[in-house]
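Scroll down for the structure; my scribbles are underneath it.
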Amino acid sequence: MSMNRRSVVKAIAAGGALVGASVLMPRIALAAWSEKAFSAEDQATAMNELLGGSPEASAEVTLKAPDIAENGAVVPVTVRSTLANVESMSIFVENNPTPLVVEFMVPAGTEADVATRLRMGKTSNVTAVVKADGKLYSASKEVKVTIGGCGG
């Protein structure tokens, strides 16, 4: 059965438990959201609020980003890790007004490999932090921005 927008609205209005629960899922996901980390204005504070400490550099974390981003509004970034038991992967942009860009929760048994596009206001270090077995590991790379994208 194909559900269109009208049938979804009718199901919600009728109090359909399954559809109603799925509408509430974003609120459940936001329960784990760290407002302090995402609003922190410096990278060290953001890392501490989100992860509870600072990571150590690791060759088992791979950060792929361009050397030069011609448009800071759309910077492609990929993070991979060969570490066992990865719990989360986070990306920080040091010189952004709010350095924490994204946190990905990695379900058990899932390959630790994420890709996204992010905004950078100016040339900055991009840092990927992987939490595995309760420990923090990272990789960093400087990305030069030629056209501002974050507030510019």
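Every number here is computed from the coordinates shown, using simple stated rules; none is lab data. Just so it is clear, the model here is predicted, and its values are computed rather than measured. FYI the Cβ positions are ideal-geometry reconstructions off the backbone, even for glycines, and counts take in every protein chain you see.
Some observations on this one:
- Filtered residues of region 97-152 (kept if among the basic types (Lys, Arg) and in contact with a helix residue (DSSP H, G or I) (Cβ under 8 Å, 6 or more places away or on another chain)): LYS131
- Looking across region 68-86, just one residue is surrounded by fewer than 16 Cβ atoms within 10 Å (Cβ to Cβ) and among the charged types (D, E, K, R), and that is GLU70.
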